[in-house]
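J.: I have a structure here, written as structure tokens, and I will follow up with some questions on it.
The values are calculated or read from the model by the stated rules, or taken from the named source; none is laboratory data. As the structure is a computational prediction, the values presented were derived from the model and not from experiment. Every residue, glycine among them, receives a Cβ derived from its backbone with ideal geometry; neighbour counts consider all protein chains shown.
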Amino acid sequence: MPMPAQPQPLHYESLPYIGDARAALAALGNEPWSAWLDSGYPGLGHGRFDILVARPVATLFARGGVTQLREQGRCRLLRGDPIAHLQAWLAQRPAVASDPQLPFVGGALGYFSYDLGRRLLRVAGASSSLPEMAVGFYESAIVTDHQQRSSVAVGSRLDRAWLRSVVRRLQRRRRNAEPCGGGGGASPPLLGETLAEPDRAGYLNAFQRVQDYLHAGDCYQINLARRFRAAYRGDPQQAYLALRQRAPAPFGAWLRWPGHAVLSLSPERFIAVDEAGQVLTQPIKGTRPRGHDAPSDEAQRRALCASAKERAENVMIVDLLRNDLGKHCIPGTVRVPELCQPHRFATVHHLISTVTGTLAAPASPLDLLRDALPGGSVTGAPKRRAVEIIEALEPGPRGLYCGTIGYIGADGRMDSNIAIRTAVCARGQLTYWAGGAVVVDSTATAEFQETLDKAAAFLGACAGGAGQRQR
């Protein structure tokens with residue numbers, strides 16, 4: 001019996017500490033297929049590690065059931081499940097050693113859209129013009145540890161030319177105090193007013209239709225969302241900086257993919273899997289706006305914790321995610337160590353629960369991801385029926401919104417967000433969605449206001465907070 005191949009060793013190179021958002025974006029420059037997984041920084045009450053990547057050795061774009069795989073200058077078109085194609089491609093790659101001190105040592109990184117999850121559930125509907133899956137494979141990454149104030153390149157093969165370009169950009173920025181992405185200062189490149197769809201009357205009508213479904217016993221919870229759009233010009237990096245300044249988040253992401261850019265300020269983890277196969281998901285359900293001072297802020301937090309409705313919403317989704325994890329976890333290992341714990345973010349309070357499990361052989365992290373898309377916290381319950389109702393009531397395809405952004409490491413680890421508080425820049429337009437869970441005891445005015453609370457950072461950044469137009 002052949003012995004299993006030894007994993008490829010890791011290589012390291014120390015770099016200047018990339019200590020702020022402008023340095024991170026300056027390091028990436030304007031390279032296509034570059035990405036920053038942004039933890040929000042511990043000084044802001046959020047994460048520890050950031051991940052920067054560029055120059056993938058292979059890319060996979062999927063749309064309409066066709067996956068385009070580009071590698072070594074060649075392009076192949078593959079039909080069928082794009083996640084299966086990604087998994088098959090990864091299986092052909094040599095194993096890579098893991099480093100327990102760093103979250104990512106190279107691998108696949110990108111996004112899987114809500115539309116892809118809908119397609120996998122076999123729910124018919126329109127898809128956006130953007131890819132349903134867009135993933136690059138990176139043999140190395142730059143990982144910044146904000147606790148240790150250090151940055152290091154790590155991977156099975158280091159792209160020395162890219163690392164030299166990163167160092168040059170950082171040095172040029174320090175010499176010239178140059179804003180990332182070129183001149184123009186930090187002002188967001190957004191123009192005019194925001195178009196909100198549906199308007200208040202349209203939302204109230206959709207809300208009532210959801211109530212009809214709920215009272216008929218057709219479903220228990222529906223996540224109903226609104227779409228916000230604004231024109232932009234210049235480099236969307238500046239828009240990311242403006243949004244991030246207002247609402248930094250622990251699962252943020254900046255992606256400059258061909259033809260579009262992704263600006264995510266997500267507070268929510270979707271699914272993580274560690275090197276031992278331990279699975280973690282942390283659904284968010286339950287929201288209150290931040291108060292204008294300490295006493296009012298604490299009052300909002302207490303009101304959220306005391307709300308039977310918000311707690312019921314959260315528990316419904318926890319049950320759904322227990323079922324999703326149970327599809328690929330060892331029976332008896334799926335547990336809920338934390339239920340409905342309050343957390344503060346820049347513009348809102350949220351209730352967050354934690355669900356864990358142990359991955360069962362021979363299932364892979366991608367098997368788990370595929371069968372959990374789209375995330376239950378952003379669909380409703382039961383999931384398939386909720387997705388059908390969302391498709392019938394919302395103003396258009398969600399695209400990436402409520403999909404997931406993250407990585408599948410070459411060492412077998414995975415981490416991902418739920419792509420909420422996420423904007424997409426394409427063809428001169430920036431699109432953002434915000435929604436909330438509707439249950440039988442929801443009120444229309446409160447749910448409508450929740451969409452505005454969740455869009456507060458976006459609306460405030462657009463044209464300096466200029467008015468919005470309803471449609």
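J.: Please enumerate the residues belonging to segment 423-446 that are in a loop (DSSP other than H, G, I, E, B) and more than 16 Å from VAL262 (Cα to Cα).
T.: Passing the criteria: VAL439, VAL440, ASP441, SER442, THR443.
J.: In segment 208-241, how many residues are under 26 Å from the mean Cα position of the chain (by Cα), assigned to a helix (DSSP H, G or I) and surrounded by fewer than 21 Cβ atoms within 10 Å (Cβ to Cβ)?
T.: Looking only at that region, the number is 0.
J.: Now, a different point. Does ARG118 count as of a type outside the set (A, V, I, L, M) and in a strand (DSSP E or B)?
T.: no
J.: Looking only at segment 84-123, count every residue that is in contact with a Leu (Cβ under 8 Å, 6 or more places away or on another chain), under 15 Å from MET414 (Cβ atoms) and aliphatic (A, V, I, L, M) and tell me the total.
T.: 6
J.: Within segment 92-109, can one find any residue that is over 19 Å from the mean Cα position of the chain (by Cα) and within 21 Å of VAL424 (Cβ to Cβ)?
T.: No; the residues of segment 92-109 include none that is over 19 Å from the mean Cα position of the chain (by Cα) and within 21 Å of VAL424 (Cβ to Cβ).
Residue-wise test of (1) touching a Gly at 6+ places or on another chain (Cβ under 9 Å); (2) without any contact (Cβ under 8 Å) to a residue 24 or more places away in the chain; (3) closer than 21 Å to ALA346 by Cα; (4) β-branched (Val, Ile, Thr).
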| position | (1), (2), (3), (4) |
| --- | --- |
| ALA294 | no, yes, yes, no |
| ARG302 | no, yes, yes, no |
| ALA308 | no, yes, no, no |
| VAL315 | no, no, no, yes |
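J.: Counting only residues that are out of contact with any strand residue (DSSP E or B) (no Cβ under 8 Å at 6 or more places or on another chain) and not small (Gly, Ala, Ser), which one in segment 359-373 is farthest from VAL315 (Cα to Cα)?
T.: Per the criteria, the residue is PRO362.
J.: Of everything in segment 260-285 that's among the β-branched types (Val, Ile, Thr) and assigned to a strand (DSSP E or B), which residue is modelled with the lowest pLDDT?
T.: Within segment 260-285, the match that is modelled with the lowest pLDDT is ILE284.
J.: Related question: Within the bounds of segment 132-142, is there any residue that is of a type outside the set (Asp, Glu), part of a loop (DSSP other than H, G, I, E, B), touching a strand residue (DSSP E or B) at 6+ places or on another chain (Cβ under 9 Å) and modelled with pLDDT of 95 or more?
T.: There is no residue in segment 132-142 that is of a type outside the set (Asp, Glu), part of a loop (DSSP other than H, G, I, E, B), touching a strand residue (DSSP E or B) at 6+ places or on another chain (Cβ under 9 Å) and modelled with pLDDT of 95 or more.
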